[in-house]
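See below for the structure under consideration.
The values are calculated or read from the model by the stated rules, or taken from the named source; none is laboratory data. Keep in mind the model is a prediction, meaning the values are calculated, not measured. No Cβ is skipped: glycine too gets one built from the backbone with ideal geometry, and neighbour counts run over all protein chains shown.
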Amino acid sequence: MRQFALVVALVGFAAVGCGGDGGQVMEASVPPAEAQMKSMLEKAAESGESMGSGAMILQEGIDSIRERDAAKADALQKEYEELSIATEPAKVKSSARAMLDKL
């Protein structure tokens, strides 16, 4: 009987601790497209390394900008196309800087 009472007490204490503050919701902070693109482009402009899979993120950022400012997105798209095919470090750096200037 003592063991049963102990188990019930432990389960009761555990259940009370599981309630938490159900009213508070935390939202994840996602940087705006421009901030994320700027960070990636600064790294590319400094290192000269090709974008690799980061190019997809840049394209998504351009698409996001297009919803608000089509002319800016068109200018970025032109530079993005040059950056995405660049393989030489000097060309990667210059293309990344050109995109940064348009951001």
- Given the structure, is Glu49 modelled with pLDDT of 90 or more and part of a loop (DSSP other than H, G, I, E, B)? yes
- Note on the structure: Filtering region 56-90 down to residues that are within 21 Å of the chain's Cα centre (by Cα), part of a helix (DSSP H, G or I) and without any contact (Cβ under 8 Å) to a residue 12 or more places away in the chain yields Met56, Asp63, Arg66, Ala73, Glu81
- Gly17 versus (1) of a type in the set (Gly, Ala, Ser); (2) at pLDDT below 95; (3) surrounded by 14 or more Cβ atoms within 10 Å (Cβ to Cβ): which is the lone unmet condition? (3)
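Among Ala33, Ala71, Ala75, which is among the aliphatic types (A, V, I, L, M), modelled with pLDDT of 95 or more and surrounded by 10 or more Cβ atoms within 10 Å (Cβ to Cβ)? Steps first, please.
Details: Ala33 fails: modelled with pLDDT of 95 or more; Ala71 fails: surrounded by 10 or more Cβ atoms within 10 Å (Cβ to Cβ).
That would be Ala75, the only listed residue that is among the aliphatic types (A, V, I, L, M), modelled with pLDDT of 95 or more and surrounded by 10 or more Cβ atoms within 10 Å (Cβ to Cβ).
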